[in-house]
Amino acid sequence: MRLLLIFSFLTSLVCAEIGYNGKSVLITLPSPSGILSTHDLNISVLAHPTDKNRGIAILPIDYYASAGDSNITWIAPGKRVSIPLSIKIASYPIETLSVDPAKVTPPPEALERIERERSQAKAIYEHFTPIRYWDRAFIKPLDSNITSEYGSARTYNGTLQSYHGGVDLRARTPIAVHATNGGIVVLAEDRYYSGGTIIIDHGEGLYSCYFHLSRYEVKVGDYVHQGDTIALSGDTGRITGPHLHFGFMVHGIQTDPLDLIEKINALFIPQKEDWK
C-alpha cells in the first residue's frame, strides 16, 4: 500500500506546476526529505504540517521573472524526479502616488543609512533557521480592508517606479497589529522607507514583515504566539496615509503574503478520501 501511494505521488509530479511572478508555488511531496533544485535555488523539503509521511517545498517566483517553462528537480535519497514548472505573468494593478520628495530622492546624508538598512534586511531574509515556529494556519495581522494590493506597479511623484512588495491594510487610527503566526522577533526599529518596522522569523525561510508602525509591543529576541499584539499601526516612513503594510519573504524573495497564507492554510484542511 505504501509503495502504491508513493507511486501515485510520483506519477502526479509529471503534471506541470503553474506559478506566477511575485507569488509562491507550494509543492507537496511523498516524503519529507531532500531538496528541490532550480537553476538558481536549492530549497529544502520541509515536513508537512499535518502528515509526517509527506513533505512540502515553497518555491518563491521573483516578481521580475519572465514567462516560460522549466524544470524543478526533487533530489532525495534514492530519488531524482523532474517536475515541470510553467511560469505565467500575473495581472497587477497600476498606482500613482505622491509622497515626501525626500523619500523619492533621499538627501545625501540619508544614503548611508538606506544602504545599511538594505544590507541588514538582506542578511536577515537570507538566513535559514532550521526550526519551525509556526504550528497552525496563518492569520491576517489585523481585520481590515485591503487598500493596496500586492504587486501593484507604482510610480512615486511621477518619477520613481517600483512595485508594491506587500499588502496595505486600512488603519486610519493606531490599532493593534497581531503576529500572523508563532515566531521570533528579529527586527524592531524605525527605518527610512518602512518607518516603524517589525520582522518575525517563522523558521524554515519564512519571514513576516509589518511596516509604518507607531509603537512596538515587542523587542528583538521575543518569542511571539499567533495573535499576540506586537505593535500599533501608524503613518511612519514612505507613506501617503496611515495604514499597515504586511509582507512576506520566502528564501530571501518577496512574495504575495495573502496568496502564500492561503496555500499554507490549505494544508490544514483535511483531504477527502478517494472513493473508488
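A short reminder: the numbers here are calculations on the coordinates, not readings from a lab. Keep in mind it's a predicted model, so treat the numbers as computed, not measured. FYI the Cβ positions are ideal-geometry reconstructions off the backbone, even for glycines, and counts take in every protein chain you see.
Which value, in debye to the nearest 20, describes the size of the charge dipole of the chain about its Cα centre when Lys and Arg Cβ atoms bear +1, Asp and Glu Cβ atoms bear -1, and nothing else is charged?
560 debye
Within the chain, which complete DSSP H helices have Cα atoms spanning at least 30 Å along the helix axis and a mean Kyte-Doolittle hydropathy of 1.0 or higher?
none
Would you work out which of TYR192, LEU206, HIS164 lies farthest towards the positive end of the dipole of the range 101-246, given +1 charges on the beta-carbon of Lys and Arg and -1 on that of Asp and Glu, about the Cα centre?
After comparing all options, I get HIS164.
Around THR28, what is the net charge, scoring Lys/Arg as +1 and Asp/Glu as -1 over all other residues with Cβ under 14 Å from its Cβ?
Once positives and negatives cancel, what remains is +1.
Going out from 0 in 10 Å bins, what whole percent of all Cα-Cα distances in the range 215-276 drops into each bin?
Reading upward from the zero bin: 15, 30, 36, 11, 6, 2.
Treating the beta-carbon of each Lys and Arg as +1 and of each Asp and Glu as -1, no other charges, what is the dipole magnitude of the range 187-276 about its Cα centre, to the nearest 20 debye?
120 debye
Specify the inter-centroid distance of the range 50-129 and the range 168-233, based on alpha-carbon positions, in whole Å.
19 Å
Given LYS52/LYS88; LYS103/LYS263; LYS122/LYS219; LYS23/LYS122, which pairs have Cα atoms separated by over 26 Å?
Going by Cα-Cα distance, LYS52/LYS88; LYS103/LYS263 fall outside the 26 Å limit.
Within a 10 angstrom radius of the beta carbon, how do LEU267, LEU36 rank from fewest other beta carbons to most?
So the residues, fewest neighbours to most, are LEU267, LEU36.
Using a 10 Å cut-off around each Cβ, can you sort PHE138, PHE248 from fewest to most neighbouring Cβ atoms?
Neighbour counts put them in this order, fewest first: PHE138, PHE248.
Using only Cα atoms, what is the ratio of the radius of gyration of the range 94-261 to 2.2 N^0.38 Å?
It is 0.98.
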